[in-house]
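Everything below concerns the one structure shown next.
The values are calculated or read from the model by the stated rules, or taken from the named source; none is laboratory data. Quick caveat, the model's predicted, so the values are computed rather than measured. Cβ placement follows ideal geometry from the backbone for every residue including glycine, while neighbour counts extend to all protein chains displayed.
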Amino acid sequence: MDGIRHSNLTLNGINVHVAESGPADGPVVLFVHGFPELWYCWRHQMAAVASNGYRAVAPDLRGFGDTDAPADPASYTALHVVGDLVALIDAVAPEGQKVFVVAHDWGAYMAWYLCLFRPDKVKALVNMSVLFNPRSPNRKPLPTLKAFLGDDYYVCRFQVLLLLFLCYCSLCL
């Protein structure tokens, strides 16, 4: 794509694919994609902010696209993904400069935690489609989302597919 530069950075112990646009010395706008997406979903927004003098930065998150996918499921906690984002900010933003963060879907959860864990890294946050919902030992995430958003929330649909798969497996045994 015109005006988009690609690189691979070693961050937090993995290789992370990063797409960038705009002046290297511009204020950084970090775009965080959702599931199941890549940096590419932000290409139009990257062009718009780059044309206004900002440095648009959009990684493929851990396990997505051209970024490494660690085999251990325990490597995908919010702490790991936020650690990747902090390492990316440290790599692309001048020391001490806070970044603007734009995120949606699963990436929005990670952006909320980035702001919660490292407010020293974020100047402003624009989140789309996901409200702040901190973890609580008194409630499980899926029933809470289902109660708030109803059966049509797409994550609830994954549970139906899992149930169908388990039923199929039990018939095959």
Residue set Ala74, Ala91, Ala47, Ala56; condition in contact with a helix residue (DSSP H, G or I) (Cβ under 7 Å, 6 or more places away or on another chain) and either hydroxyl-bearing (Ser, Thr, Tyr) or more than 16 Å from Met110 (Cβ to Cβ) (or both); output residue Ala56
Just to be sure before I move on: is Asp84 surrounded by 13 or more Cβ atoms within 10 Å (Cβ to Cβ) and assigned to a loop (DSSP other than H, G, I, E, B) in the structure I sent? no
Which of the following residues is surrounded by fewer than 19 Cβ atoms within 10 Å (Cβ to Cβ), in a loop (DSSP other than H, G, I, E, B) and at pLDDT 95 or above: Pro94, Pro70? Pro70
Scan the stretch 105-149 for residues that are over 26 Å from Cys41 (Cα atoms), part of a helix (DSSP H, G or I) and either in contact (Cβ under 8 Å) with a residue 40 or more places away in the chain or among the hydroxyl-bearing types (Ser, Thr, Tyr) (or both) and jot them down. Thr144
Mind checking whether some residue in the stretch 48-64 is out of contact with any His (no Cβ under 9 Å at 6 or more places or on another chain), among the basic types (Lys, Arg) and within 24 Å of Pro134 (Cα to Cα)? no
Criterion first (modelled with pLDDT of 95 or more, crowded, with 19+ Cβ neighbours inside 10 Å and either more than 16 Å from Leu61 (Cα to Cα) or not assigned by TED's automatic domain parsing to the domain that holds Val28 (or both)) does Lys121 satisfy it? yes
Which of the residues belonging to the stretch 4-47 are exposed (fewer than 15 other Cβ atoms within 10 Å of the Cβ) and without any contact (Cβ under 8 Å) to a residue 12 or more places away in the chain? Thr10, Gly13, His44
